[in-house]
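First up is the structure itself, then whatever we jot down about it.
The values are calculated or read from the model by the stated rules, or taken from the named source; none is laboratory data. All values derive from a computational prediction rather than experimental measurement. For neighbour counting, all protein chains shown are included, and Cβ atoms are generated from backbone atoms with ideal geometry for every residue, glycine included.
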Amino acid sequence: MADDGTVPLPGVVDPLRFPGDLLRGKVVLVTGGGSGLGRSMAYRFAALGAKVMVGSRKEENLRTTCGSITARGGDARWKVTDVKNASACRALVDETYSAFGRLDILVNNSAGNFLARTERLSENGYRSIVATVLDGTFFMTQAAGQRWIEGNAPGNVLSIVATYAWTGAAHVVPSACAKAGVLALTRSLAVEWAKHGIRLNAIAPGPVPTPGAWERLIAGSAFESAAKEHIPLGRFGTHAELCDLATVLVSDLSSYITGQVVAMDGGEWLVGNTFQQLRTMPPEFWESMEEARRSASRNRPSA
Ligand code: HXC
């Protein structure tokens, strides 16, 4: 973090590729905007003139995102929100209208995921992923859509999915089921709500390094190298690239595009996504990962 409390993210806040006022007058709500790709998108939209609302479970992260935006002269607010909860989602949308008087763009970015042998997943493990990804996206989209339709205002929804929404993927099964549901929601509502001037699209990023995803999904440095080599373009994606695509899809640059998903993965899914390779991992790999998690939870100070 820089001395002024801002978080440097090369390329993300540089609006030169786009007119600097591309999103001026727009209000964008980003779920999961306190960290990772959500934070980067919040920074980018603010750099392009939007007012930004961020929601997630951790107040400290949200404060950092908003502090960085306001330190650069932008306008950003936050509200602690667990998107698993429908009334919390409605409250986040209400708060956006109270703070800014409008909402133009919703970015469904909140997610949860971890690697597991599916036959060993607990009910709660399954539910925590599906409730965050699918229920959360549904509740947020419905809450925003209700406001837009009632107010006769156009709207724009961008959801972050994964290419395994259509291929499936070994060892991330709840996430794959939930992301497939988000894609179905995107395509369904693109038709149902087109008459209200509401567009819905999705981005399916391949691996883009973030602490949250890496810690949970990149199973060691050998797996990381293999994952990178496996990608036809030979590298992981960057936050700036994701923000470029998100900018196009949330802005009027894509005013005739709806119901689409754009893969941004260096060609990865065409050769089979990385998680599929985990099927060849021996039982010892899973046992040692499960033991590491048990030991981390034993050593965690009790609340
Ligand atoms: C098995 C696990 C587990 C693991 C959690 N659980 N981690 N089971 N293996 N590694 C189980 C727990 O035992 C518990 O069930 C249940 O899941 C809920 O766990 P909690 O830790 O209590 O829940 P919570 O604090 O709400 O954490 C939610 C989470 C966590 C989803 C489990 O991973 C999280 O907060 N993730 C947010 C960030 C994230 O995942 N980012 C990556 C997104 S990447 P029991 O039965 O014990 O109660 C992505 C796309 C990637 O989505 C695409 C790349 C190409």
Practice prompt. Could you tell me which of the residues Arg235, Arg187 is basic (Lys, Arg) and assigned to a helix (DSSP H, G or I)?
Written response: Arg187
Worksheet entry | Total residues in the range 32-52, condition charged (D, E, K, R) and more than 14 Å from the ligand (Cβ to nearest atom) | 2
Discussion item. Take the conditions farther than 25 Å from Pro15 by Cα and either touching a strand residue (DSSP E or B) at 6+ places or on another chain (Cβ under 6 Å) or at pLDDT 95 or above (or both) and apply them to Trp193. Does it pass?
Written reply: yes
Worksheet entry | Residue list for the range 255-299, restricted to those being within 25 Å of Leu9 (Cα to Cα) and either crowded, with 18+ Cβ neighbours inside 10 Å or in contact with a strand residue (DSSP E or B) (Cβ under 7 Å, 6 or more places away or on another chain) (or both) | Val262, Ala263, Met264, Asp265, Gly266, Glu268
Worksheet item: Which numbered condition trips up Lys79, out of (1) within 16 Å of the ligand (Cβ to nearest atom); (2) touching an Asp or Glu at 6+ places or on another chain (Cβ under 6 Å)?
Response: (1)
Worksheet item: Of all residues in the range 167-195, which are surrounded by fewer than 20 Cβ atoms within 10 Å (Cβ to Cβ), without any contact (Cβ under 8 Å) to a residue 40 or more places away in the chain and touching a Phe, Trp or Tyr at 6+ places or on another chain (Cβ under 9 Å)?
Response: Ala180
Item to complete: Scan the range 264-287 and report the pairs whose first residue is outside any helix (DSSP H, G or I) and whose second residue is within 13 Å of the ligand (Cβ to nearest atom) and of a type in the set (Val, Ile, Thr), with Cβ atoms within less than 8 Å and a gap of 6+ or a chain change.
Response: Met264/Ile203; Asp265/Thr163; Asp265/Ile231; Gly266/Ile231; Gly267/Ile231; Gly272/Thr167; Asn273/Thr163; Asn273/Thr167
Item to complete: Take the range 103-135 and flag every residue that is in contact with a Ser or Thr (Cβ under 8 Å, 6 or more places away or on another chain) and more than 10 Å from the ligand (Cβ to nearest atom).
Response: Leu103, Leu106, Val107, Asn108
Worksheet, complete the sentence: Per the filter on the range 86-111, residues within 24 Å of Leu22 (Cβ to Cβ), in a helix (DSSP H, G or I) and among the polar types (S, T, N, Q) are Thr96
Discussion item. Can you find, within the range 196-210, the residue that is surrounded by the fewest Cβ atoms within 10 Å (Cβ to Cβ) among those that are more than 20 Å from Thr163 (Cα to Cα) and either near the ligand (Cβ under 8 Å from one of its atoms) or not small (Gly, Ala, Ser) (or both)?
Written reply: His196
Worksheet entry | Any pair with Cβ under 6 angstrom, 6 or more apart, that starts in the range 65-92 at a residue that is more than 18 Å from Asn108 (Cα to Cα) and ends at one that is of a type in the set (A, V, I, L, M, F, W, C) and part of a helix (DSSP H, G or I) | Ile69/Ala46; Gly74/Ala46
Discussion item. Restricting to the range 155-180, and then to whatever is near the ligand (Cβ under 9 Å from one of its atoms) and not in a helix (DSSP H, G or I), can you tell me which residue is farthest from Gln260 (Cα to Cα)?
Written reply: Val172
Worksheet item: If you go through the range 62-92, how many residues are buried (at least 20 other Cβ atoms within 10 Å of the Cβ), farther than 23 Å from Gln146 by Cβ and in contact with a Gly (Cβ under 6 Å, 6 or more places away or on another chain)?
Response: 2
